[in-house]
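Working notes for the structure below.
Each value in this text was obtained by applying a stated rule to the coordinates, not by laboratory testing. Computed from a prediction, not measured in an experiment: that's the story for all the values here. Glycine gets a Cβ as well: all are built from the backbone with ideal geometry, and neighbour counts include every protein chain shown.
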Amino acid sequence: MSRGNQQPPRRSFHIPLRVIDRVYGRDNVDNAGDDLVSLLRQVTGKCGRYRFSLDTKHPNPWYHELVFEVDGLPNTASETLTERLAGLGLIEVRETVQTSLT
């Protein structure tokens, strides 16, 4: 099989449920999901195959996540989708500053 015929990979976006609660209010995962699908349509011009799941395996709810998987999402679309998720406040951004210890 030729590498030129490969489909873009499945992308997974892991969004902590605590972040969804902060942005949408408690127990509004459905509203967040609607926005995710809307953003996907805006970024790709269509809505290909996607799926949602909840990852609640960790005993501490702080680590529970909504997992949004999209099949065949190219790199550029993934980057744009990530930027738009950040714009909605659904991606936590941490800045690390290293200071000199001298």
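Annotations
- Close pairs from the stretch 49-74: first in contact (Cβ under 8 Å) with a residue 60 or more places away in the chain, partner exposed (fewer than 14 other Cβ atoms within 10 Å of the Cβ) and among the basic types (Lys, Arg), Cβ under 6 Å, at least 6 apart: Asp71/Arg10; Asp71/Arg49
- The number of residues in the stretch 53-79 being surrounded by 12 or more Cβ atoms within 10 Å (Cβ to Cβ), under 17 Å from Arg18 (Cβ atoms) and of a type outside the set (Ser, Thr, Tyr) comes to 6.
- Selection within the stretch 20-34 - of a type in the set (A, V, I, L, M) and out of contact with any helix residue (DSSP H, G or I) (no Cβ under 9 Å at 6 or more places or on another chain): none
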